[in-house]
1. In deg cm²/dmol and to the nearest 500, what is the mean residue ellipticity at 222 nm of the chain if only DSSP H runs of at least 4 residues count, each as -39500 (n - 2.57), divided by the residue total?
2. Per 0.36 nm of contour for each residue apart, how much would the distance between S46 and D30 grow if the chain were fully extended, relative to their Cα-Cα spacing?
3. Send over a whole-number figure in Å² for the accessible area per residue of the chain, probe 1.4 Å.
4. May I ask which residue of S26, N81, L37 lies farthest towards the positive end of the charge dipole of the chain, with charges of +1 (Lys, Arg) and -1 (Asp, Glu) on Cβ and the Cα centre as origin?
5. With a 1.4 Å probe and all protein chains left in place, how much of the accessible area of the chain comes from carbon and sulfur atoms, in whole percent?
6. Between L37 and E9, how many nm apart are label points set 7 Å from Cα along the C-beta direction?
7. Only Cα pairs within less than 10 Å get springs; with that Gaussian network setup on the chain, which residue of E65, E41, E17 has the largest fluctuation?
8. How large, in Å, is region 21-61 by the Kirkwood hydrodynamic radius built from its alpha-carbon pairs?
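The values are calculated or read from the model by the stated rules, or taken from the named source; none is laboratory data. All figures in this text were calculated on a predicted structure; none of them were measured in a lab. Every residue, glycine as well, gets a Cβ built from its backbone with ideal geometry; the counts of neighbours run over all protein chains shown. These area figures cover heavy atoms from the full protein model, side chains too; ligands, DNA and RNA do not enter into them. Shrake-Rupley method; radii C 1.70, N 1.55, O 1.52, S 1.80 Å.
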Amino acid sequence: MTDSFAGDEMACEDLVELVSDYLEDSLDPDTRTRVDLHLAECDGCSNYLQQFRSTISTLGRVTEEQLDVDFRDRLMTAFRNYR
């Protein structure tokens, strides 16, 4: 973790790393509170979270049969190679 994560203030980069855990409600209570406080103060991260939720919602409605096989393979490769 970065030094910014160690204090009370949360950096945008830290929130980005925690967004999946936040949405899955798997953060410890202190970290969740820090994320909530950051979201209340940061329009950019609030927008990022909303875009993440919209993406999940949209992709959740797509069936495997609806996905082009080549596109699915490229998407899976991108996720595997992330980081």
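1. Working: 5 runs with 60 residues, N = 83.
Value at 222 nm, helices only: -22500 deg cm²/dmol.
2. Values: separation 16, 0.36 × 16 = 5.76 nm, distance 1.88 nm.
Here the answer is 3.9 nm.
3. Working: 6500 Å² over 83 residues.
Result: 78 Å² per residue.
4. N81
5. Numbers: 3300 of 6500 Å².
Here carbon and sulfur together make up 51 percent of the probe-accessible area.
6. Label-label distance for L37 and E9, simple model: 1.2 nm.
7. E65
8. Values: mean 1/r = 0.0912 Å⁻¹.
So the Kirkwood estimate lands at 11.0 Å.
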